[in-house]
Amino acid sequence: MTINREQFINDLEMVKAGVSAREFLEQSSCFVFSDGHVMTFNDEVACRKKTMIQVRGAVQAATLVAILEKMNDSELKVKENEKGELEFQGKRKAFGVTMDAEIFLPIDRVEIPERWRPLPAEFTEAVDLVQHCVSADESKFILTCIHLAPDHIEACDNLQALRVKVHTGLKRSCLIRGTSLRHISSLAMDELAVSPSWVHFRNKAGLIFSCRRYSEDYPDLEKIFLVKGHSITVPKGLADASDRAAIFATDKA
């Protein structure tokens, strides 16, 4: 079969959020190909997308992308060779990547939704804003999450808090790891679905991006936002001045 190299790389880029640098799940560091789809899964994020390669097996993600990016051909011939490798051939160069014929990736744990609803246009922008308030402290699991409520999205890291009012399309509140949800900002998602353990997003390219959801109670941030005082106008040059001053700031408390 012959594929468009750039389109294939684009397919892989869309699903790479589900790849884990450390293989704590079998084949979680791989692109898995099956039934005309490429899939990734790292227990927090699962990605599925149709692709042009009709093979079945698992390939190390980092190796495959690195080699594809070094080739210059716009089109490549692809086949599974006699060594069991996934072989790519251009006009002057060819390479084979070791492929596991048997698929062990437990992506079947992720429910596939049947009903989808439009994703509010403001949803992605809200996620992009609140992710700056997500904590990186793994000892405080709740604060590493973004809280999705029916009428708002919020996050807090004990130093700052941000809430954006938006109708999310959810009937019940849930938590999603900030490191998982942040990826949707660049993927032009326009549909949403919810299943027992996952929140799913889909875009016009056919990518299904699933984030594990948690049902723990999120801290009540209402007191933080119920402030009294008078409004002020933020000076126009404040952002630039802050950026310049930040050069002299350190991470040491």
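The values are calculated or read from the model by the stated rules, or taken from the named source; none is laboratory data. What you see is a predicted model, and the numbers here were worked out from it, not measured in a lab. Neighbour counts are summed over all protein chains in view; Cβ atoms, including those assigned to glycine, are modelled from backbone coordinates with ideal geometry. Each accessible area value is taken on the protein alone, full model and side chains, heavy atoms only, with ligands, DNA and RNA left out. Shrake-Rupley method; radii C 1.70, N 1.55, O 1.52, S 1.80 Å.
When Lys and Arg each count +1 and Asp and Glu each count -1, what net charge do the other residues less than 12 Å away from residue 103, Cβ to Cβ, add up to?
Around residue 103, the charge tally is -4.
What is segment 98-175 by shape, rounded, prolate or oblate, if you read a ≥ b ≥ c off the alpha carbon gyration tensor as root eigenvalues and call it rounded for a/c under 1.5, prolate for a/b larger than b/c, and oblate otherwise?
On the way: a/c = 2.53, a/b = 1.42, b/c = 1.78.
Here segment 98-175 falls in the oblate category.
Of the accessible area of the chain, with the probe set at 1.4 angstrom, what percent is carbon plus sulfur?
Values: 7540 of 15160 Å².
C and S fraction of accessible area: 50 percent.
Over the chain, calculate the relative contact order: mean separation of alpha carbon pairs under 8 Å at least 6 apart, over the residue count, as a percent.
Answer for the chain is 15 percent.
If the reach is capped at under 14 angstrom between alpha carbons, list the aspartates and glutamates near residue 93, excluding any in the same chain fewer than eight residues apart.
Counting by Cα, and skipping residues close in sequence, residue 93 has these aspartates and glutamates nearby: 69, 73, 75.
If you build the convex hull over the alpha carbons only and average its shadow over all orientations, what do you get for segment 167-234? Give it in nm² to one decimal.
Its average projected convex-hull area is 7.1 nm².
If the reach is capped at under 19 angstrom between alpha carbons, list the lysines near residue 91, excluding any in the same chain fewer than eight residues apart.
Answer for residue 91, where 19 Å is the Cα cut-off: 70, 77, 79, listed by chain and number.
What's the longest bit of the chain with no exposed trypsin sites (Lys or Arg not before Pro), using DSSP loop states and at most 16 other Cβ atoms within 10 Å as the test?
Between exposed loop sites, the widest span is 23-55.
Given H placed 1.01 Å from N in the peptide plane, which residues other than close sequence neighbours of residue 75 have an amide H under 5 Å from its amide H?
Excluding prolines and chain starts, which carry no amide H, the hits are 5.
For a test of the definition: using alpha carbon positions, the gyration tensor, and the 1.5 limit on a/c, classify segment 23-77 as rounded, prolate or oblate.
Here segment 23-77 falls in the oblate category.
I need the P(r) histogram for segment 2-41: all alpha carbon pairs, bin width 10 Å from 0 out to the longest distance, whole percents.
Going from the shortest bin to the longest, the percentages are 29, 53, 17, 1.
In Å, the Kirkwood hydrodynamic radius of the chain over pairs of distinct alpha carbons?
This gives a value of 20.5 Å.
So, in segment 153-253, how many Lys pairs have Cα atoms under 27 Å apart, if the pair is 8 or more places apart or on different chains? Display every interim value, and only then the final one.
On the way: 165/204; 165/223; 165/228; 165/236; 171/204; 171/223; 228/236.
Here the count comes out as 7.
Over segment 174-253, what is the relative contact order in whole percent, taking alpha-carbon pairs under 8 Å and six or more residues apart?
24 percent
Once Rh is set to the Kirkwood radius over Cα pairs, what Stokes-Einstein translational diffusion coefficient, in µm²/s, holds for segment 49-157 at a temperature of 37 °C and a viscosity of 0.692 mPa s?
Translational diffusion coefficient: 178 µm²/s.
List the relative contact order of segment 24-97 as a percent without decimals, with contacts defined as Cα pairs under 8 Å and 6+ residues apart. Each step should come with its number before you reach the end.
Values: 109 pairs, mean separation 16.3, N = 74.
Taking the mean separation of contacting Cα pairs over the length of segment 24-97, I get 22 percent.
Report, in debye and to the nearest 20, how large the dipole of the chain comes out about its Cα centre when Lys and Arg carry +1 and Asp and Glu carry -1 on their Cβ.
The dipole magnitude comes to about 460 debye.
Any chance you could look up the accessible area of residue 71 with a 1.4 Å probe, heavy atoms only, rounded to 10 Å²?
About 10 Å², rounded to the nearest 10.
What accessible surface, in Å², does a 1.4 Å probe find on residue 98, ignoring ligands, DNA and RNA and rounding to the nearest 10?
100 Å²
Among 205, 17, 61, which one moves the most in a GNM of the chain with springs linking Cα atoms closer than 10 Å?
205
Please work out the Kirkwood hydrodynamic radius for segment 75-221, using every pair of different C-alpha atoms, and report it in angstroms with one decimal place.
After inverting the pairwise mean of 1/r, the radius is 17.5 Å.
From the backbone phi of segment 137-145, what are the Karplus-calculated ³J(HN,Hα) couplings (6.51 cos²θ - 1.76 cosθ + 1.60, θ = phi - 60°) in whole Hz, Gly and Pro given as x?
7, 5, 6, 10, 3, 4, 7, 7, 9
At 222 nm, what value in deg cm²/dmol follows for the chain if DSSP H runs of at least 4 each add -39500 (n - 2.57) and the sum is divided by all its residues, to the nearest 500?
After summing the helix terms and dividing by the residues of the chain, the value is -5000 deg cm²/dmol.
Just to confirm, what accessible area per residue do you get for segment 1-146 at 1.4 Å probe, in whole Å²?
55 Å²
Which of the GluC sites (Glu not before Pro) across segment 143-241 are loop residues per DSSP, with 11 or fewer other Cβ within 10 Å?
When the GluC sites (Glu not before Pro) of segment 143-241 are filtered for loop state and at most 11 Cβ neighbours within 10 Å, 216 remain.
Mind listing the phi-derived Karplus ³J(HN,Hα) values for segment 233-245, rounded to whole Hz, using 6.51, -1.76 and 1.60 with θ = phi - 60°, and x for any glycine or proline?
In residue order, the calculated couplings are 9, 5, x, 4, x, 5, 4, 5, 5, 5, 4, 5, 5 Hz.
Can you list the HN-Hα couplings for segment 111-124, worked out from phi with the Karplus curve (6.51, -1.76, 1.60; θ = phi - 60°), rounded to whole Hz and with x for Gly and Pro?
5, 9, x, 9, 10, 10, 9, x, 8, x, 4, 7, 4, 4
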